[in-house]
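Trainee: Just passing along the structure, written as structure tokens.
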Amino acid sequence: MLTDSQPSIDIPVPQKTIIKLEHIYKIYGAGDAEVIALDNVNLEINQGEYCAIMGASGSGKSTVMNMIGCLDRPSSGQYYLDGEDVANLSEAALAKTRNLKIGFVFQQYHLLSQLSAIENVMLPMVYAGIKGNERVDRAADALKRVGMGHRLKNKPNEMSGGQQQRVAIARAIVNQPVLLLADEPTGALDSHTTREVIDLFTELNQGGITVVIVTHELDVGRATRRIVWFRDGQVIHNNLSPQDLSLVAAS
Amino acid sequence: MDIVESLKMAGKTITANKLRSGLTMLGIIIGNASVIAMVGVGQGAKIYAESQFQSLGTNVLFILPGTDNARRNTIAPPNRLILADAEAIATQVPSVDKVAPQLNGSELATYRNNAKRASLIGTTPEYSPVRNADVKQGRFITADDVKRNARVVTLGSSISKDLFGNGEAIGQQIRIRNISFEVIGIMDEKGAFLGANQDDTVFMPFSTMTSRIIGRTSPYGVAVQVITLSAKDNTNVETAKFQITNLLRLRHRNTSSASDEVTFTVRTQKDALEIVGNITNALTLLLAAIAAISLVVGGIGIMNIMLVSVTERTSEIGLRKAVGASQSDILTQFLIEAVILSVAGGLIGTGVGVSGILIVGTFTPLKAGVSMGAITLAVGVSGAIGLFFGVVPAKQAAKLDPIVALRSA
């Protein structure tokens, strides 16, 4: 009886670390042509965070995104994804990690033109070995969740850019990844659609999904709750609040 | 990812771009169709040649002057096979039934304003039963005609038509080398036999041919070009061959066993069938080899288009890798696409080839066999070619760096 009348108290639970980069270096070329793309990057992102990785062109934000997305291996350093050391996994194991733990969203949507919306969303489950009705049901659910439940059978060329990006987001979340990783997800969209897509990310984050967006758009960065600022392959600001963004961007 | 998923995915890709898939398959289709058709035609030729020989009857033997080796290696050796040999065989070899000596020639035959080059055969009445050559109208040469050197001819069906049209031929006079011959009969149609059309042949008595047309051609007597004879019953053919060989060796004094001193060759229908079989098998092999080249070219076509397709689909490959496809998944997908294209091409090509065989069978006497062996082989080979030529593009696709691939869109 007592508990009912009392206001609930938020008890901070220890948060699980999803991404842990330790002393990550990425070096291209050798000798005089050596380019240090990532220079001793240390970064932790916890479960449930809504984070933007920002910086100027050539700052290393794309390289770090490829690293986080298990598309690339570091030259040296440790990377723990969801507690697992993935820096030195084999090609096949990396593919499996991408399949089950990461959902990618790209600037150009990257939907397969010969497949319908639902078939595109089913693609990660094909590689995960999920079959039959479960595959169809989960794909339909994911599409409903991004507001595309009415366009299951449409091909990409029958949809607007915003709709295609929604389908791509459905594809990214359908395998229930620990991380939703978006690379300039609004780069090809107008400002109105950008707003809608960002709202969708916010909504998904509120639903518990960890979201990391790589972007150079300040508006997009402001919508998140934490900004990691890169310059010359290094993390300059590890936890910038959206309010301070303009100051940093201007500098 | 299992094979069913891979098949479905490949099917989707192939049907998504029908024109390109069709063009990719075209080479294999043509290659396969030509293999099937060529082998079929080759076999048809074999069957046809064999049936021609079989129509002669299994108890037939041929005696030819000289040997195969001598004919190949020397310039016109004197012909020692003479009419007297034929007569000796007829009277002295017990297993022989009928003997027909034969002289060949080629002369212009004319009737009024019609002229036609005809092959000439001088022979005896036995020719008709031994060679299964029947008379349609009138009569064949008789023993009496041979005895009297009669100037009479029996015409093959088409030469008769060429000279007389639909008019009455029997009783008319035709001219060969400015000598008149009376037409006494017309033969049944027989068709071409190993290149010589028997329907274009003019038959005349052996004696008439030697005295009026050819004359003495050998220092040993009246030379003959072929002696065709029939053995008394079917089981006796080898015996007859043995006895004839002995008799002729004695007569020609070929007592040495060295084969190149032998002045004649005895051939049974079986020997002849073997020779024809060898020729047609070689022909079939040649045709199949030519056709196989186009199959390989088709395979290269598949590789070519698949390579272009890998470049074109770079971003698709990158995306698939990003959502969890491993190198082996991509490799499998592209290999399966190549194999599906080539096997489908193989099956379509087989259909085309079989239709071709049926068409050839309808319009020519070559009743070509549709050989299951050739079909299985051709489709199997297409699949293997798809696999072989698919490896390079598939490996290229599998090795694509997903970062680079994704950026390419």
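Trainee: Excluding residues on the same chain fewer than 8 positions from B:Lys321, give the aspartates and glutamates whose Cα lies under 18 Å from its Cα.
Mentor: A:Asp72, A:Glu91, A:Glu119, A:Asp183, B:Asp2, B:Glu5, B:Glu312, B:Asp329, B:Glu337, B:Asp401
Trainee: Rounded to the nearest Å, what's the spacing between the alpha carbon centres of the stretch B:314-346 and the stretch B:82-154? Just the number, please.
Mentor: Cα centroid of the stretch B:314-346 versus Cα centroid of the stretch B:82-154: 73 Å apart.
Trainee: OK, next. Kirkwood hydrodynamic radius (Cα pairs, Å) of chain B?
Mentor: Values: mean 1/r = 0.0385 Å⁻¹.
Result for chain B stands at 26.0 Å.
Trainee: Order by neighbour count: B:Ser371, A:Ser75, fewest other Cβ atoms within 10 Å first, most last.
Mentor: Details: B:Ser371 17, A:Ser75 13.
Going from least to most buried by this count: A:Ser75, B:Ser371.
Trainee: Can you give me the Rg/Rh ratio for the stretch A:135-211, using Cα atoms for both radii and the Kirkwood formula for Rh? Show your work: numbers first, answer last.
Mentor: Numbers: Rg = 11.9 Å, Rh = 12.7 Å.
Ratio value, two decimals: 0.94.
Trainee: Further question: Please go through the residue pairs B:Lys12/B:Lys399; A:Lys96/A:Lys131; A:Lys61/A:Lys155; B:Lys98/B:Lys270 and name each one whose alpha carbons sit more than 26 Å apart in this structure.
Mentor: On the way: B:Lys12/B:Lys399 22 Å; A:Lys96/A:Lys131 17 Å; A:Lys61/A:Lys155 32 Å; B:Lys98/B:Lys270 19 Å.
Too far apart for the 26 Å limit: A:Lys61/A:Lys155.
Trainee: I've got another one for you. Could you work out how much longer the chain between B:Lys399 and B:Thr110 gets when fully extended? Use 0.36 nm per residue separation minus the Cα distance between them, nm to one decimal. Write out the running numbers ahead of the final one.
Mentor: Values: separation 289, 0.36 × 289 = 104.04 nm, distance 7.95 nm.
Result: 96.1 nm gained on full extension.
Trainee: Semi-axes of the equivalent ellipsoid of the stretch B:294-409: what are they in whole Å, largest first, if each equals the square root of 5 times a C-alpha gyration tensor eigenvalue? Walk me through the numbers on the way to the answer.
Mentor: Numbers: eigenvalues 299, 28, 19 Å².
Semi-axis lengths for the stretch B:294-409 are 39, 12, 10 Å.
Trainee: Relative to the Cα centre, what is the charge dipole magnitude of the stretch B:79-262, using +1 at the beta carbon of each Lys and Arg, -1 at the beta carbon of each Asp and Glu, and rounding to the nearest 20 debye?
Mentor: Details: 22 positive and 19 negative charges, 110 e Å.
Value, rounded to 20: 520 debye.
Trainee: OK, next. Any chance you could list the semi-axes, whole Å, largest first, of the equivalent ellipsoid that the Cα gyration tensor gives for the protein assembly as shown, using √(5λ)? Can you show the working numbers first?
Mentor: Working: eigenvalues 1764, 120, 80 Å².
In descending order the semi-axes read 94, 24, 20 Å.
Trainee: Also: Within the set of other residues whose C-beta is less than 14 Å from the C-beta of B:Ile170, count the net charge using Lys and Arg as +1 and Asp and Glu as -1.
Mentor: Working: positive: B:Lys136, B:Arg139, B:Lys161; negative: B:Glu168, B:Glu182.
Here the charged neighbours net out to +1.
Trainee: Shifting gears a bit: Calculate the dipole size of chain B relative to its Cα centre from +1 charges on Lys and Arg beta carbons and -1 charges on Asp and Glu beta carbons; express the result in debye to the nearest 20. Could you put the intermediate results ahead of the total?
Mentor: Values: 38 positive and 30 negative charges, 131 e Å.
Result for chain B is approximately 620 debye, rounded to the nearest 20.
Trainee: Note the full-extension length gain between B:Arg148 and B:Leu19 as 0.36 nm times their separation in residues minus their Cα-Cα distance, in nm to one decimal.
Mentor: Extra length from B:Arg148 to B:Leu19 when fully extended: 38.7 nm.
Trainee: While we're on this one: Please compute the average number of Cβ atoms from other chains found within 10 Å of each residue's Cβ in peptide A:115-127. All intermediate terms of the calculation are to be shown ahead of the outcome.
Mentor: Numbers: counts 5, 0, 0, 0, 2, 2, 0, 0, 6, 5, 2, 11, 9.
What the average comes to for A:115-127 is 3.
Trainee: What is the Cα convex hull volume of chain A when expressed per residue in Å³?
Mentor: Details: hull volume 43.0 nm³, N = 251.
That works out to 171 Å³ per residue.
Trainee: Separate question: What 222 nm value per residue comes from the helices of chain B, counting each DSSP H run with n ≥ 4 as -39,500 (n - 2.57) and dividing by all residues, nearest 500 deg cm²/dmol? Walk me through the numbers before you get to the answer.
Mentor: Values: 13 runs with 224 residues, N = 409.
Mean residue ellipticity at 222 nm (helix-derived): -18500 deg cm²/dmol.
Trainee: Under a Cβ-Cβ cut-off of 15 Å, what is the net charge of the residues other than A:Leu245 that fall near it, where Lys and Arg count +1 and Asp and Glu count -1? Don't skip to the answer; put the middle values down first.
Mentor: Numbers: positive: A:Lys61, A:Arg222, A:Arg225, A:Arg226, A:Arg231; negative: A:Glu217, A:Asp219, A:Asp244.
Taking every Cβ under 15 Å from that of A:Leu245, the sum is +2.
Trainee: Separate question: Considering Cα pairs under 8 angstrom that are at least six residues apart, work out the relative contact order of chain A and quote it in whole percent. Please list the in-between numbers first.
Mentor: Details: 466 pairs, mean separation 65.2, N = 251.
Here the relative contact order equals 26 percent.
Trainee: Separation of the stretch A:207-251 and the stretch A:135-153 by C-alpha centroid, Å?
Mentor: If you average the Cα positions of each part, the centres end up 31 Å apart.
Trainee: Also: Do you know the relative contact order of the stretch B:233-375, to the nearest whole percent, from alpha carbon pairs under 8 angstrom that are 6+ apart?
Mentor: Numbers: 32 pairs, mean separation 17.2, N = 143.
Value for the stretch B:233-375: 12 percent.
Trainee: Provide a whole-number value for the mean count of partner chain Cβ atoms within 10 Å of the Cβ atoms in peptide B:312-323.
Mentor: 6
Trainee: Using packing as a proxy for protection, rank B:275-283, A:119-127, A:21-29 so that the peptide with the highest average count of other Cβ atoms within 10 Å comes first.
Mentor: Values: B:275-283: 14.6, A:119-127: 24.0, A:21-29: 16.3.
Top of the packing list down: A:119-127, A:21-29, B:275-283.
Trainee: Taking chain B as the reference, fit the longest principal axis to its C-alpha atoms, fit the long axis of helix B:83-92 to the helix C-alpha atoms, and give the angle between the two in degrees, 0 to 90, nearest 10.
Mentor: Between helix and principal axis, roughly 90 degrees.
Trainee: By average Cβ neighbour count within 10 Å, what is the ranking of B:118-124, A:144-150 from highest down?
Mentor: Values: B:118-124: 24.4, A:144-150: 16.6.
Top to bottom by mean Cβ count within 10 Å: B:118-124, A:144-150.
Trainee: Separate question: Could you tell me the ratio Rg/Rh of the stretch B:79-262? Both radii from Cα atoms, Rh via Kirkwood. Before the final figure, lay out the partial values.
Mentor: Values: Rg = 17.4 Å, Rh = 17.3 Å.
Taking Rg over the Kirkwood Rh, I get 1.01.
Trainee: For the stretch A:139-190, what relative contact order do you get, as a whole percent, if you take Cα pairs closer than 8 Å and at least 6 residues apart? Provide the component values of the computation, followed by the final result.
Mentor: Details: 32 pairs, mean separation 20.3, N = 52.
Here the relative contact order equals 39 percent.
Values in this text are rule-based calculations from the coordinates and carry no lab data. Since the model is a prediction, treat every value here as computed from it, not as a measurement. Positions of Cβ are generated from backbone atoms using ideal geometry, with glycine treated the same way; all protein chains shown enter the neighbour counts.
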